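Colleague: Just passing along the structure, written as structure tokens.
The values are calculated or read from the model by the stated rules, or taken from the named source; none is laboratory data. If you're wondering where the values come from, they're calculated on a predicted model, not measured in any experiment. Positions of Cβ are backbone-derived with ideal geometry, glycine not excepted, and every protein chain shown enters the neighbour counts.
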Ligand code: FAD
């Protein structure tokens with residue numbers, strides 16, 4: 001009797017460098033791919049709209065790629081623990097393999113599942129596939145975790161280099177292991193009424209093959225100008241790998257190894273280091289999306305919300321050129337350049353005095369790369385409440401930022417051209433006055449520290 005192996009795919013929607021898939025294939029029994037859409041387990045954050053759109057495309061691609069090699073992807077919905085156990089029973093599976101997740105609720109689910117499967121005599125094994133350095137492996141001299149990026153990255157990269165990526169399996173023996181699957185379309189991950197995803201479709205192609213193509217193209221065509229031009233939103237100098245890393249269509253090990261074979265990738269790799277650091281922070285502080293990392297920020301006197309100002313920010317109608325351009329890029333494409341993310345976030349938190357959690361939630365809903373660690377980590381970084389954060393009193397001036405990083409106005413012309421017209425819109429607030437109000441409010445934090 002065959003005893004199939006289940007590969008439980010999560011944020012690792014790829015065949016190459018997928019240690020869980022590799023282990024399943026090496027076990028020599030039929031392999032079943034499983035994806036569980038978990039909107040029920042306590043604490044699991046529901047995906048935002050743009051992320052759901054990406055997930056649909058990425059699952060369709062994974063399903064096709066598995067099928068080409070003889071495998072199959074079973075789709076099921078519900079709380080992960082009972083769904084995985086039920087799938088094990090349905091398939092009479094002898095083993096379940098997965099790549100580890102690092103969020104608090106996810107870890108609880110995975111730990112409980114591992115022990116209940118083992119109690120039932122089913123092999124359950126997990127692997128490192130989504131981070132170069134698992135959070136508990138990087139420690140300060142005193143054995144604690146890091147709260148500052150530079151020593152974190154120094155310590156992480158001081159040890160053995162990240163392992164080489166694993167080749168993708170050429171053949172998968174899945175034929176005898178077909179199981180009932182839900183239909184991807186029935187999950188309604190794509191928007192219909194209204195279909196707001198036109199800009200996403202024009203901009204992106206989810207799935208592993210497109211991710212690998214983009215990595216190769218970036219390394220051969222753009223890496224040279226990365227150091228010089230990465231802060232200029234119109235330059236197209238960054239990798240655009242963030243959604244691909246978010247969904248694990250390409251592994252950080254692959255990105256790392258292909259980059260070190262190319263000259264001059266140090267700065268780019270250090271940006272990957274920020275991703276590692278954000279996850280390190282989330283692992284040690286699972287409430288990152290809801291709670292100030294620095295508790296003195298709990299004393300920040302957020303004024304009553306001004307809904308029309310929040311809406312103006314969301315829609316890119318603040319009258320501030322770089323902010324409006326960024327927010328419209330985000331709405332249209334599900335992406336915003338990093339420099340503009342910082343400026344738009346700073347404007348919300350420090351000029352409109354809106355709690356960073358509202359901005360984080362908006363980005364969570366609208367970004368295709370919405371990431372459980374990177375998003376709250378960076379919002380807290382901008383707000384000043386986070387790990388190794390920008391000091392609160394350093395307030396970005398969006399006009400100076402535009403002069404510096406969008407000198408010829410190319411980016412603003414693309415996304416918010418009316419700002420370059422003879423009668424540009426007026427800002428909804430006075431930048432200098434609001435800056436001073438923010439600094440006054442910050443005094444409360446200083447007193448609480
Ligand atoms: P590149 O410059 O090519 O960088 C390569 C990779 O390094 C990125 O794909 C990403 O995985 C990682 N990286 C780069 N910068 C950062 C950073 N500051 N923090 C963590 N990882 C980084 N990034 C997300 O992936 N998801 C998010 O939800 C997210 N939310 C953000 C919210 C705010 C307010 C800010 C200021 C930044 C946020 N970032 C987020 C970080 C950064 O803006 C994006 O990773 C980057 O713009 C993605 O473009 P790229 O892949 O071309 O970047």
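Colleague: Looking at 52, 76, which one is modelled with pLDDT of 95 or more and in contact with a helix residue (DSSP H, G or I) (Cβ under 8 Å, 6 or more places away or on another chain)? Walk me through it before giving the result.
Modeller: Details: 52 fails: in contact with a helix residue (DSSP H, G or I) (Cβ under 8 Å, 6 or more places away or on another chain).
Going through 52, 76 in turn, the sole match is 76.
Colleague: In addition: What do you reckon, is residue 342 surrounded by fewer than 22 Cβ atoms within 10 Å (Cβ to Cβ) and touching a helix residue (DSSP H, G or I) at 6+ places or on another chain (Cβ under 7 Å)?
Modeller: On the way: surrounded by fewer than 22 Cβ atoms within 10 Å (Cβ to Cβ): yes; touching a helix residue (DSSP H, G or I) at 6+ places or on another chain (Cβ under 7 Å): yes.
Yes; evaluated as a whole, the condition is true for this residue.
Colleague: Consider residue 264 carefully, then state whether it is near the ligand (Cβ under 10 Å from one of its atoms) and over 26 Å from residue 62 (Cβ atoms).
Modeller: Numbers: near the ligand (Cβ under 10 Å from one of its atoms): no; over 26 Å from residue 62 (Cβ atoms): yes.
When the stated conditions are applied, residue 264 does not pass them.
Colleague: Which is modelled with pLDDT of 95 or more, closer than 24 Å to residue 243 by Cβ and more than 10 Å from the ligand (Cβ to nearest atom), of 361, 401? Working first, answer last.
Modeller: Details: 401 fails: closer than 24 Å to residue 243 by Cβ.
Every option except 361 fails the conditions.
Colleague: If you go through segment 56-72, how many residues are under 16 Å from residue 247 (Cα atoms) and in contact with a strand residue (DSSP E or B) (Cβ under 8 Å, 6 or more places away or on another chain)?
Modeller: Matching residues across segment 56-72 total 3.
Every residue, every condition in (1) free of Cβ contacts under 8 Å to residues at least 40 places away in the same chain; (2) touching a strand residue (DSSP E or B) at 6+ places or on another chain (Cβ under 6 Å); (3) surrounded by fewer than 24 Cβ atoms within 10 Å (Cβ to Cβ); (4) more than 20 Å from residue 43 (Cα to Cα), yes or no:
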position: 327; (1), (2), (3), (4): yes, no, no, yes
position: 382; (1), (2), (3), (4): no, no, no, yes
position: 387; (1), (2), (3), (4): no, no, yes, yes
position: 393; (1), (2), (3), (4): no, no, yes, yes
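Colleague: Considering (1) farther than 27 Å from residue 5 by Cα; (2) part of a helix (DSSP H, G or I); (3) in contact with a helix residue (DSSP H, G or I) (Cβ under 8 Å, 6 or more places away or on another chain), say which one residue 151 fails and leave the rest.
Modeller: Single failed check for residue 151: (3).
Colleague: In the set 406, 369, which member is under 29 Å from residue 52 (Cβ atoms), within 16 Å of the ligand (Cβ to nearest atom) and buried (at least 19 other Cβ atoms within 10 Å of the Cβ)? It would help to see each step written out before you state the result.
Modeller: Numbers: 406 fails: under 29 Å from residue 52 (Cβ atoms).
Going through 406, 369 in turn, just one is under 29 Å from residue 52 (Cβ atoms), within 16 Å of the ligand (Cβ to nearest atom) and buried (at least 19 other Cβ atoms within 10 Å of the Cβ): 369.
Colleague: Here are 283, 253, 277: which of them is in a helix (DSSP H, G or I), within 17 Å of the chain's Cα centre (by Cα) and within 10 Å of the ligand (Cβ to nearest atom)?
Modeller: Values: 283 fails: within 10 Å of the ligand (Cβ to nearest atom); 253 fails: within 10 Å of the ligand (Cβ to nearest atom).
Every option except 277 fails the conditions.
Colleague: Within segment 349-358, which residues are crowded, with 22+ Cβ neighbours inside 10 Å and either near the ligand (Cβ under 9 Å from one of its atoms) or on the phi > 0 side of the Ramachandran plot (or both)?
Modeller: 356
Colleague: From the set of residues in segment 194-233 that are outside any helix (DSSP H, G or I) and farther than 25 Å from residue 12 by Cα, which is nearest to the ligand (Cβ to nearest atom)?
Modeller: Taking segment 194-233 and keeping what is outside any helix (DSSP H, G or I), we get 194-197, 204-207, 230-233.
Next, from what is left, pick out any that are farther than 25 Å from residue 12 by Cα: 194-196, 230-233.
On the way: 194: 24, 195: 23, 196: 19, 230: 6, 231: 9, 232: 12, 233: 10 Å.
So, considering only residues that are outside any helix (DSSP H, G or I) and farther than 25 Å from residue 12 by Cα, the one nearest to the ligand (Cβ to nearest atom) is 230.
Colleague: What residue, among those in segment 372-398 that are part of a helix (DSSP H, G or I) and out of contact with any helix residue (DSSP H, G or I) (no Cβ under 6 Å at 6 or more places or on another chain), is nearest to the ligand (Cβ to nearest atom)?
Modeller: As a first pass, look at segment 372-398 and keep what is part of a helix (DSSP H, G or I): 374-383, 398.
Those still in the list that are out of contact with any helix residue (DSSP H, G or I) (no Cβ under 6 Å at 6 or more places or on another chain) too: 378, 380-381.
Values: 378: 3, 380: 9, 381: 7 Å.
My answer is 378.
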